[in-house]
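> The structure that follows is given in the form of structure tokens.
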Amino acid sequence: MSGWGVAPWGVSGWGGVTSPIAFSYAFALTTRDVGVVLTGDALAESVIGDGDALNPATWSVYEVDSSGTTTRSLTVIAVTPRVSNSQFVVRTLEPFSRYPNVHVVASSTLRDALGVVLDLPRSAEFTGVIAAVSETARIMPADLLNAPANNTTLAGALVVGSDGDYNNQRGADLLRKLVTRRLTTTRGGFFYLPNYGIGLKLKEPVPLSSLRLLKNDIANEIAKEPDITNVRVAASLSRDGVLTINVTATFVATGDDVSTELELS
């Protein structure tokens, strides 16, 4: 049947205005993923669209106490559809607290498929979870291996192993990547991580008098990585202008202490 709008008889089945979507319920899928179920399909076309479900800036996730007061805000880094455009997986940088701590996933700008801002309720509560990892089978965090390209340690390409899968980095190599990425990324370089990075640049002058302050800034920045703790930083500046940064940290998942060194001329 054809009609005179976006549905058979107007903007809805019989010419009325379609009711906007609302939150139905939410539940933790992993220690950093919360599943959100809506009452209808949301706009899901662009990761930068205003009110788009795929845009991390559309969502907020935070932890609350028994009185409903926010005790901790988590950083949303990605959103993906789950089953349909009425269900989404919202991923955070920081892990949730364990059960039965209460968390909230919310949005005040989310739009439905017709572009109408969602109705009340605009949030849903869920309880945290804890990873089920045995003491004898703890796994070191890993990331895809990036082989250096163009004679630099700041860029690279993925490497495929003999088994046909991508190679990974762990331990000191992974720590070096985490440190390098945070130190060389300009603050605000990732729109969904506005407080990420320091922005150290090659051949940028570093006054000797600023070395202590820089070391503290580096330690505070690296300590934001959720997979590591107990960060220790040493920094030195040679006569020929090479800034050497030595970082030691403990991986949360295994308790292993790992060190790495980074030089910036």
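> Consider ILE48 against the criteria (1) part of a strand (DSSP E or B); (2) over 13 Å from the mean Cα position of the chain (by Cα); (3) not hydroxyl-bearing (Ser, Thr, Tyr): it satisfies all of them except one. Which criterion is unmet?
All conditions pass for ILE48, except number (1).
> Does any residue of the range 179-192 turn out to be at pLDDT 80 or above and of a type in the set (Phe, Trp, Tyr)?
No: zero hits.
> Mind checking which residues of the range 193-210 are at pLDDT 75 or above and surrounded by 11 or more Cβ atoms within 10 Å (Cβ to Cβ)? So that I can check it myself, show each step before the final result.
Here is the first cut: in the range 193-210, the residues at pLDDT 75 or above are 193-199.
Hits for the range 193-210 are LEU193, PRO194, TYR196, GLY197, ILE198, GLY199.
The values are calculated or read from the model by the stated rules, or taken from the named source; none is laboratory data. Quick caveat, the model's predicted, so the values are computed rather than measured. When we count neighbours, we look across all protein chains shown, and the Cβ atoms used for this are built from the backbone with ideal geometry, even at glycine.
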